[in-house]
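Please treat every number below as a calculation from the coordinates, not as lab data. The structure displayed is predicted, hence computed values, not measured ones. Cβ placement follows ideal geometry from the backbone for every residue including glycine, while neighbour counts extend to all protein chains displayed.
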Amino acid sequence: MIDPYEMLGVSREADGVAIKSAYRKRAKTVHPDAGGDVDAFGKLTASYELLSDPVRRKVYDDTGYDPELADTKDLQGLMILETLVNEIILDEREPGSFDPVAAMRRKLTDKIVNARFHILEMERHRARIRNHIDRIGRKPNTDVLGRMLKSRCVAIDDAIGKAETEIGNIEQAYGMLDGYSYEVEVIEIKTAAE
């Protein structure tokens with residue numbers, strides 16, 4: 001995630017005039033016509049646009065995220081966390097009686113374990129298919145069965161790639177929970193002897 005304040009070199013309390021001035025000053029050095037980098041100029045402009053829009057700036061200040069400045073992995077992680085936050089909201093237990101942050105971490109860990117297990121299963125299937133390909137006699141001129149089996153291997157490779165990407169997204173979401181804790185109320189249980 002790009003920090004627009006850092007990108008422009010202004011404080012979080014900077015007003016519109018200071019933001020505009022900082023943008024113009026930096027734009028002179030990073031603009032592509034002045035020998036600057038197109039990507040750097042794009043990030044600078046996006047930062048300026050965010051801080052110039054009061055609504056987007058407030059959302060960024062409150063959450064630390066802006067869709068236009070976020071890395072795609074951050075956005076994928078946010079989407080995963082969004083579903084878990086919805087589960088917390090719908091949980092009927094009394095706030096403070098359980099740790100929703102720990103529950104989110106457990107669910108993310110379970111998702112990673114399940115995805116890795118799924119990848120192992122797909123790798124076993126792919127190995128069996130390749131073994132069949134090596135053993136099957138080929139029909140002269142056309143190899144319909146061989147092509148069908150090879151296409152299944154390609155489909156499995158694609159599915160494995162998607163599962164690995166999903167694991168990366170889940171790990172990103174897990175990392176976004178770093179630094180969070182939750183205070184659970186300690187309830188004292190009185191025994192019959194008391």
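Under a Gaussian network description of the chain, with springs only between Cα atoms under 10 Å, the residue in Ile80, Ile89, Ile136 that fluctuates furthest is Ile136.
Report the trypsin sites (Lys or Arg not before Pro) located in segment 81-183 that are in a DSSP loop and have at most 16 other Cβ atoms inside 10 Å of their Cβ, or state none. Display every interim value, and only then the final one.
Details: sites: Arg93, Arg105, Arg106, Lys107, Lys111, Arg116, Arg124, Arg126, Arg128, Arg130, Arg135, Arg138, Arg147, Lys150, Arg152, Lys162; in loops: Arg93, Arg138.
Taking segment 81-183 and a limit of 16 other Cβ atoms within 10 Å, the loop trypsin sites (Lys or Arg not before Pro) found are Arg93, Arg138.
For the residue pairs Lys111/Lys150; Lys20/Lys73; Lys58/Lys162; Lys25/Lys58, the alpha carbons lie more than 32 Å apart in Lys58/Lys162. Working from label points 7 Å from Cα in the Cα-to-Cβ sense, the Val184 to Ser52 distance is 5.0 nm.
Evaluate E = 1/(1 + (r/R0)^6) for Asp15 and Ser97, where r is the Cβ-Cβ distance and R0 equals 45 Å; express this FRET efficiency to the nearest 0.05.
Values: r = 44 Å, r/R0 = 0.99.
The calculated FRET efficiency here is 0.50.
Oblate is the label for segment 4-70, because the ratio a/c of its alpha-carbon gyration tensor axes (a ≥ b ≥ c) is 1.5 or higher and a/b is not greater than b/c. Length gained on full extension, Thr142 to Ile89, computed as 0.36 nm times the residue gap minus the Cα-Cα distance: 13.2 nm.
Approximating the spin labels as points 7 Å out from Cα along Cα→Cβ, the Arg128-to-Lys150 distance works out to 2.2 nm.
Each other residue within a Cβ distance under 12 Å of Lys20 adds +1 if Lys or Arg and -1 if Asp or Glu, for a net charge of +1.
In the set (1) 68; (2) 50; (3) 38, the label that goes with percent of Cα pairs over 22 Å apart computed for this structure is (1).
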